[in-house]
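The values are calculated or read from the model by the stated rules, or taken from the named source; none is laboratory data. Bear in mind the structure is a predicted one, so any value in this text is a computation, not a measurement. In this analysis, Cβ positions are derived from the backbone assuming ideal geometry, glycine residues included, and neighbour counts consider all displayed protein chains. We work out accessible area using only protein heavy atoms, side chains counted, and drop any ligands, DNA or RNA first. Shrake-Rupley method; radii C 1.70, N 1.55, O 1.52, S 1.80 Å.
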Amino acid sequence: MSLRAETGTDTARGQRMPRSARRAQLLEAAQAAFVESGYHAAAMDDIADRAGVSKPVLYQHFPGKLELYLALLDKHSEGLELLVREALASTHENKDRVYATISAYFDFVSRDGAAFRLIFESDLTNESAVRNRLDAVGLVCAEAVAEVIAEDTNLPEEDASLLGMALTGLAQVSARHWLAQGSDIPKDEAARLVGTLAWRGLGSFPKVGGEGSTEAAR
């Protein structure tokens, strides 16, 4: 379909906008539908209605519902990875790194739009393209943590990898539980509480070239 045909449809049902802005609008509408109804119950008609466009316009940007879902997974997986990497790079103090990493997950689940549900609570894990993306983001975040642990402790790669997975798993499960329970504990305080638990364990591994961390863990 020509650009003229698309913009004509856009004008009929909503304000004409650049393709990148229209794509972002469609992704926002799709996210709301998937979070509210789940992948299987969400319909392309509903997504188009939420975005204020006709279904042909929606299909001009995304060939189908799966492509919409995968685009959202890519977007929010990158967002989570960025939060974790920024947390790890925010300080050279390992205790603070642990707190910052835990906080990254609390920040992620608290974002508007409940995007975390697509990453941590997907109802489409039987689809290989989805499963591969979900496995990849979990592994990438765990490996980023593991790299820091290995550098600072000289632990074998396999040991550091297991600890990285344990820390990120603790972070995401705790953050989701905190949100689901509607806890009265403020977000920062909840993240610090979980971070204290994590640091008591990780802090027991001596830092290479420095003093043992028994004192720091107190």
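Kindly indicate whether Gly164 is in a helix (DSSP H, G or I), in contact with a Cys (Cβ under 9 Å, 6 or more places away or on another chain) and farther than 22 Å from Gly38 by Cα. Lay out the reasoning, then the answer.
On the way: in a helix (DSSP H, G or I): yes; in contact with a Cys (Cβ under 9 Å, 6 or more places away or on another chain): yes; farther than 22 Å from Gly38 by Cα: yes.
Spelling it out, Gly164 is indeed in a helix (DSSP H, G or I), in contact with a Cys (Cβ under 9 Å, 6 or more places away or on another chain) and farther than 22 Å from Gly38 by Cα.
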Quiz item: Looking at segment 102-113, which of its residues are open to solvent by less than 10 Å² (accessible area, probe 1.4 Å) and either β-branched (Val, Ile, Thr) or without any contact (Cβ under 8 Å) to a residue 40 or more places away in the chain (or both)?
Solution: Ile102, Val109
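Select the helices (runs of 4 or more DSSP H) contained entirely in segment 32-101, then report the ones holding at least 2 residues which are open to solvent by 10 Å² or more (accessible area, probe 1.4 Å) and under 27 Å from Gly164 (Cβ atoms).
Working: elements: 44-51, 55-61, 65-89.
Of the helices (runs of 4 or more DSSP H) lying wholly inside segment 32-101, those with at least 2 residues that are open to solvent by 10 Å² or more (accessible area, probe 1.4 Å) and under 27 Å from Gly164 (Cβ atoms) span 65-89.
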Quiz item: Within segment 17-31, which residues are loosely packed, with under 13 Cβ neighbours inside 10 Å and touching a residue at least 40 places away in the same chain (Cβ under 8 Å)?
Solution: Arg19
Exercise. Search segment 67-91 for residues that are within 21 Å of Asp112 (Cβ to Cβ) and touching a residue at least 12 places away in the same chain (Cβ under 8 Å) and pair each with any residue that is open to solvent by 20 Å² or more (accessible area, probe 1.4 Å) and β-branched (Val, Ile, Thr) when their beta-carbon atoms are under 6 Å apart and the residues are at least 6 apart or on different chains.
Key: Glu81/Val140
Quiz item: Going through segment 168-194 one residue at a time, which ones are among the aliphatic types (A, V, I, L, M) and free of Cβ contacts under 8 Å to residues at least 40 places away in the same chain?
Solution: Val173, Ala180, Ile185, Leu193
